[in-house]
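The values are calculated or read from the model by the stated rules, or taken from the named source; none is laboratory data. Since this is a predicted model, take the numbers as computed values, not measurements. With ideal geometry, Cβ positions are generated from the backbone for all residues, glycine too; neighbour counts draw on all protein chains shown. Just so you know, the surface numbers come from the protein's heavy atoms only, side chains and all, with ligands and any DNA or RNA stripped out. Shrake-Rupley method; radii C 1.70, N 1.55, O 1.52, S 1.80 Å.
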Amino acid sequence: MMMMEESISDNNKQQQEIGQDNNINNNNNRDHNNEDENETIATDIEDISTLLAKIEDANAGSRPPRKYSEQDNSNPEWFKHKKHFFIFSFSGKPIYSRYGDEVALNTFMATLSAMTSFVESQNDVLRSLVAGKHQFVFLQKNPLCLVCICNTGEPQMMIQQQLEYIHAMVISVLTQTNIKAVFDAKYDLRDLLGGTDKLIDNIIHKVNLDFPILLNSVQCIRLNYNTRNSITNILQNRKSDSIIFSLLLVDNKLVSMVKQKKTQTLKPQDIHIILNYISSSTIKDSESFMPICLPNFNDAGFLHLYICFIYPQVCLLLFSNQVDSFYQLSECKDLIVKDIESENLVDELTKSANTHEYSTSQTEVPNLLHFIYKNRISNYSTHPIFTSPYTSKPEKKRLFRLYQHIYNRANNSLNKPHKYYYYTSQTETIFVLINSSHEIYATFSPLELKKSVFESLNILLQWIKENENVLFLST
Amino acid sequence: MVKSKIDVKVVLLGWSSVGKTCIVQRLMYNQFGDTSTTIGGAFSSKRVSVGDVDVLLGIWDTAGTERYQAVNRSYYRRANAAIVCYDLTNYESWDKVKFWIDELTTNEPDIEIYIIGTKLDLVKDNTEPRAVPIEKVRELAERYRAHTFETSSKTGENIPELFQTIAENFCKKYPQGIVTSNGSKNNSSVNLQDNNNNGNKKASSGCC
């Protein structure tokens, strides 16, 4: 049924008044094919659609102006942006554009949509295409299609991964089930995504410079073992019936994460979605409570997330499965704060926000310029701050892009990742070591001898091992 | 005599970008600045005094964007007062006020409704024309026995007054403290008892 609707709307694409498609009368013709799935989910959808039907002026443009929002593909400036991202529906309806107004770009997105439909009609899937210096990368996740067009020369696999993160971000706002229901009912998804442009803008910004995301891992804050241990114990002891996960962050990095129920652990991608919510919000002084869907945990339903900055830069997160648990969670927060204060951990926590970063010189590894490290078992990662010669923005970006390429080459072999990968250019030497327990990418000067690179890498691994308790959460 | 305490649950509703978060920021921190779209709801509490009664306003700032409207119901459940906001310079935001008042009167018949016009400074300094006629506001307010205010979070005009009035009206209505809000913090049950014990004394001394 779904497929039929999609193809019908495909044919009507040209005539569709995109953006004003919010036909409220359609409510009665809506598919009820999700009803038998799960009662609670079904009521959620019912809620949303009945509300939508009630709302009179659903498609008024109330969003604050965004940067470059006046641009579209009739403007040469628009083509100068290096990396575009688009989201549209399978029927070609525009949902999001990184630059410019998505409604003004509707013909452009319709063209992209036609490309995917054409390949699909040949029973194939369009993944990417190259046009001169530009590459187009497609990610199709029924009923959404995400496209990146860029001339940054990044490997296709890395862009694919970035699109996956953006898709996860959209799911986290609405759930996959609701998105499908909205499309079945032919509503305009943008009404329900209202205000999330900023979240998507932010995650795009992040996937372009964040080492933990590059390695599909989570960065923990560097903190002494006893403090972290005490925090974990406090979180473990202060649980209530509805709490599923308790997390404490400092400077938007993980201090501790406790699973309160017998369930799967949080995947790095879900954690980055959460971090993105927190870094995108402005209010840091009140207690927040919001529905959030974690796509890898359960893409059909919402969890209820309690957020409170208990001290500057110190943020407590409690995930609950009950919508009315706010006061219970708030009380739990009071107890956690009391415990943290009675164990005198406040200073250490707030201080760590400014002291957790480290430079390569602190590792005392000779000639080391930079490195990124991931523990493949726990999925935690660490990296030092940029130091000379990577001090200017273009240089930082260049190193990031270089890591992307090296990561791609080292991991992209069809079978297993390469155990060793040695790369030298005019500007740097990067040595990669991957085994079942960890992967490390270490950067040296291009003039370094192989022998001394090997030696340095061993010293670095030794340093990480010695500091394991401080760099990572114990598993 | 021990000061008595009363908890009042207040919820802010209204269309997106009318300035709900700005009202809270002005009240809590006496600040005005850029805010981003609220996600879900944010809770803050503010202490005000009515006579010798300490009133703790628990304020829910909700998201105006549509996807959270289903969720917003859980925020206004068992609330004592609702602040329904519209932008004085935007008629569409006024249309939404009726929607919220309908919702509230159907689901929470006991709730006190405050209809609040925001961005008064824009009207006063003639930056933008008034888009919502005062008569319309009055008419709707009379129909639902709602209170009305016109505020500016930028200048702070009428913001403290609004919350003071909410606290005073609540004390008048429920001199004995919480009657309906069993959804608030567990320790409110302690308060409830305190209030019941002191109830008679307070009624005579605390409220005008």
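A few remarks follow.
- Largest to smallest principal axis extent of the C-alpha atoms in the range A:219-355, angstrom: 40, 30, 26
- Taking Lys and Arg as +1 and Asp and Glu as -1, the other residues whose beta-carbon sits under 12 Å from that of A:Gln462 total -3.
- Column: log10 I(q)/I(0), Debye, Cα scatterers of the range A:367-475, q = 0.13, 0.16, 0.18, 0.22 Å⁻¹: -0.48, -0.74, -0.94, -1.36
- Equivalent-ellipsoid semi-axes for the range A:126-207 (Cα gyration tensor, √(5λ), whole Å, largest first): 25, 15, 10.
- 10 Å Cβ neighbours from other chains, averaged over peptide B:29-42: 6
- Relative to the longest principal axis of the Cα atoms of chain A, the long axis of helix A:268-280 makes an angle of roughly 80 degrees.
- Peptides A:79-85, A:239-245 ordered by packing proxy, namely the average of other Cβ atoms within 10 Å per residue, highest first: A:239-245, A:79-85.
- For the residue pairs A:Lys80/A:Lys450; A:Lys259/B:Lys46; A:Lys284/B:Lys119; A:Lys93/A:Lys284, the C-alpha atoms sit more than 31 angstrom apart in A:Lys80/A:Lys450; A:Lys259/B:Lys46; A:Lys93/A:Lys284.
- Coupling constants for the range A:260-265 follow from the phi torsions by the Karplus curve (6.51 cos²θ - 1.76 cosθ + 1.60, θ = phi - 60°), and in residue order they are 8, 10, 6, 7, 5, 7 Hz; glycine and proline get x.
- Buried solvent-accessible surface, both chains (B, A), 1.4 Å probe, Å² to nearest 100: 3100 Å²
- For peptide B:55-67, the mean count of partner chain Cβ atoms within 10 Å of a residue's Cβ comes to 4.
- Secondary-structure-derived ellipticity at 222 nm for chain A, considering helices only, amounts to -12000 deg cm²/dmol, per-run term -39500 (n - 2.57) for DSSP H runs with n ≥ 4.
- Amide hydrogen proximity for A:Lys253: with H placed 1.01 Å from N in the peptide plane, no residue at 5 or more positions away or on another chain lies under 5 Å.
- Long-range HN-HN contacts of B:Ile6 with modeled amide H, under 5 Å: B:Asp54, B:Val55, B:Leu56
- Helix A:450-466 vs. chain A, principal-axis angle (Cα, 0 to 90°, nearest 10): 80 degrees
- Peptides ranked, highest mean first, by Cβ atoms within 10 Å: ranges A:437-444, B:9-16, A:424-431: B:9-16, A:437-444, A:424-431
- For peptides B:24-32, A:104-112, sequence by mean Cβ density within 10 Å, most packed first: A:104-112, B:24-32
- Rounded accessible area of A:Asp347 (nearest 10 Å², 1.4 Å probe): 110 Å²
- More than 13 angstrom apart: percent of Cα pairs within the range A:412-460: 57 percent
- Whole-Hz Karplus values for the range A:232-242 come out as 4, 4, 4, 4, 5, 6, 8, 10, 10, 3, 8 Hz, taken residue by residue from phi with 6.51 cos²θ - 1.76 cosθ + 1.60 and θ = phi - 60°; glycine and proline positions read x.
- Most to least accessible of B:Lys172, A:Lys284 (protein chains only, probe 1.4 Å): B:Lys172, A:Lys284
- Using alpha-carbon coordinates, inclination of helix A:106-121 to the longest axis of chain A, degrees: 90 degrees
- Cα Rg, Dmax (largest Cα-Cα span) when computed across the range B:4-179, Å: 15.2, 46
- Using θ = phi - 60° and Karplus 6.51 cos²θ - 1.76 cosθ + 1.60, couplings along the range B:86-99 (whole Hz; Gly, Pro as x): 9, 8, 4, 9, 9, 5, 4, 5, 5, 3, 5, 4, 4, 4
- Per DSSP, loop GluC sites (Glu not before Pro) in the range B:123-180 with at most 15 further Cβ within 10 Å: none
- Area projected by the alpha carbon convex hull of chain A, averaged over all directions, nm²: 24.5 nm²
- Sulfur and carbon atoms: percent of accessible area, the range A:69-125 [1.4 Å]: 54 percent
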